[in-house]
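Student: The structure's right below; bear with me while I get my questions together.
Nothing in this text is a laboratory measurement; each read-out follows from the coordinates by a stated rule. Keep in mind the model is a prediction, meaning the values are calculated, not measured. Cβ atoms come from the backbone with ideal geometry, glycine included; neighbour counts cover every protein chain shown.
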Amino acid sequence: AQSVAQPEDQVNVAEGNPLTVKCTYSVSGNPYLFWYVQYPNRGLQFLLKYITGDNLVKGSYGFEAEFNKSQTSFHLKKPSALVSDSALYFCAVRDVGVGKLIFGQGTTLQVKP
Amino acid sequence: NAGVMQNPRHLVRRRGQEARLRCSPMKGHSHVYWYRQLPEEGLKFMVYLQKENIIDESGMPKERFSAEFPKEGPSILRIQQVVRGDSAAYFCASSPSSSHSNQPQHFGDGTRLSIL
């Protein structure tokens with residue numbers, strides 16, 4: 001069965017510092033991986049995806065993610081955090097068969113000024 | 001371009017009543033997914049529909065829950081005889097009709113269902 005794990009419930013970062021939000025996955029076959037962000041009382045906004053190709057994927061709002069097949073990880077990164085990046089972040093893997101997304105538990109990112 | 005539209009944004013029901021949640025996908029999208037987000041939890045898949053067809057309902061509770069996506073009109077998630085445990089945020093997502101495996105799903109802002 002496919003699954004995604006986000007080992008940290010919360011990540012705290014000072015504004016201007018680099019941030020990393022961790023994600024590991026377990027799939028059979030090639031993974032289709034996604035990162036989404038959720039602001040309070042809103043839906044999920046797509047940030048970036050990995051399907052094939054370069055292991056470093058660039059996405060919206062300056063975010064990027066590094067795909068590591070040997071470590072089965074897909075960590076979300078940003079070189080310099082903003083207070084406005086504070087939100088709930090979800091990693092997800094796509095079920096290749098029917099397309100449904102399987103989400104991690106989410107990580108709350110808190111960026112302090 | 002309008003995104004995924006869900007209504008109502010907030011819905012309050014008493015135990016035993018019915019709840020109907022609506023979702024209009026993005027223009028040009030014919031694949032609709034419903035997810036549920038319980039408090040302090042991640043999103044859980046419920047059902048995947050294409051026009052007039054249920055493709056995967058493996059995440060739907062066996063009783064009281066049903067979904068449809070008619071030829072005309074929005075997708076409907078229906079919960080009969082609601083109980084307190086149904087209180088959650090329900091999100092709809094849509095994706096294009098072709099090569100959907102590579103395309104991200106686009107989410108609506110959800111319906112927050114509260115059961116009194």
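Student: Answer with one residue from B:GLN17, B:PRO39, B:GLY28: the one whose Cα lies farthest towards the positive end of the charge dipole of the range B:1-56, charges on Cβ with Lys, Arg +1 and Asp, Glu -1.
Tutor: Positive-most Cα among the choices belongs to B:GLN17.
Student: Tell me, B:TYR33, A:TYR89, A:TYR25 in order of fewest to most beta-carbon neighbours within 10 Å?
Tutor: Neighbour counts put them in this order, fewest first: A:TYR25, A:TYR89, B:TYR33.
Student: With the contact rule set at Cα under 8 Å and sequence spacing of 6 or more, what percent relative contact order holds for chain B? Mind showing how you got there, number by number?
Tutor: On the way: 293 pairs, mean separation 42.7, N = 116.
Relative contact order, chain B: 37 percent.
Student: Over the range A:1-110, calculate the relative contact order: mean separation of alpha carbon pairs under 8 Å at least 6 apart, over the residue count, as a percent.
Tutor: The normalised contact order for the range A:1-110 reaches 37 percent.
Student: For a quick check, take a GNM of chain B with Cα springs below 10 Å and name the residue from B:LYS62, B:LYS51, B:LYS27 with the largest mean-square fluctuation.
Tutor: Comparing B:LYS62, B:LYS51, B:LYS27 in the GNM, the peak value goes to B:LYS62.
Student: Still on this structure, I have one more. Would you kindly derive the ³J(HN,Hα) couplings of the range B:11-24 from the backbone phi angles with the Karplus curve 6.51 cos²θ - 1.76 cosθ + 1.60 (θ = phi - 60°), listing them in order in whole Hz, with x for Gly and Pro?
Tutor: 9, 10, 9, 8, 3, x, 7, 9, 10, 10, 10, 10, 9, 9
Student: Now, a different point. Which value, in debye to the nearest 20, describes the size of the charge dipole of the protein assembly as shown about its Cα centre when Lys and Arg Cβ atoms bear +1, Asp and Glu Cβ atoms bear -1, and nothing else is charged?
Tutor: 540 debye
Student: Another question, then. Relative contact order for the range A:1-52: what percent, with Cα pairs under 8 Å and sequence separation of 6 or more? Before the final figure, lay out the partial values.
Tutor: On the way: 54 pairs, mean separation 16.1, N = 52.
About 31 percent, as a whole number.
Student: Hey, another quick one. Output the pairs from A:LYS69/B:LYS44; A:LYS100/B:LYS71; A:LYS77/B:LYS44; A:LYS112/B:LYS27 with a Cα-Cα distance over 31 Å in this structure; if there are none, say none.
Tutor: Going by Cα-Cα distance, A:LYS112/B:LYS27 fall outside the 31 Å limit.
Student: GNM, chain A, Cα, under 10 Å: largest mean-square fluctuation among A:PHE46, A:PHE63, A:PHE74?
Tutor: Result for chain A, Cα springs under 10 Å: A:PHE46 fluctuates most.
Student: As an exercise, use a Förster radius of 25 Å and the Cβ-Cβ distance of B:LYS27 and B:ASN53 to find the FRET efficiency, rounded to the nearest 0.05. All intermediate terms of the calculation are to be shown ahead of the outcome.
Tutor: On the way: r = 20 Å, r/R0 = 0.80.
The pair B:LYS27/B:ASN53 has a calculated efficiency of 0.80.
Student: OK, next. I want to verify a result. In a Gaussian network model of chain B, Cα cutoff 10 Å, which of these has the top mean-square fluctuation: B:LEU43, B:LEU77, B:LEU21?
Tutor: B:LEU43
Student: Please name whichever of A:ILE102, A:ASN55, B:SER66 sits farthest to the positive end of the charge dipole of the protein assembly as shown, dipole taken about the Cα centre and charges placed at Cβ: Lys and Arg +1, Asp and Glu -1.
Tutor: Going by the charge dipole, the pick is B:SER66.
Student: So, one more: In peptide A:99-109, how many Cβ atoms from other protein chains are near each Cβ within 10 Å, on average?
Tutor: 5
Student: Which whole-angstrom value gives the distance between the alpha carbon centres of the range A:67-113 and the range B:19-67?
Tutor: 22 Å
Student: Determine the dipole magnitude for the range B:49-116: charges of +1 sit on the beta-carbon of Lys and Arg, -1 on that of Asp and Glu, nothing else is charged, the reference point is the Cα centre, and the result goes in debye to the nearest 20.
Tutor: That gives the range B:49-116 a dipole magnitude of about 160 debye.
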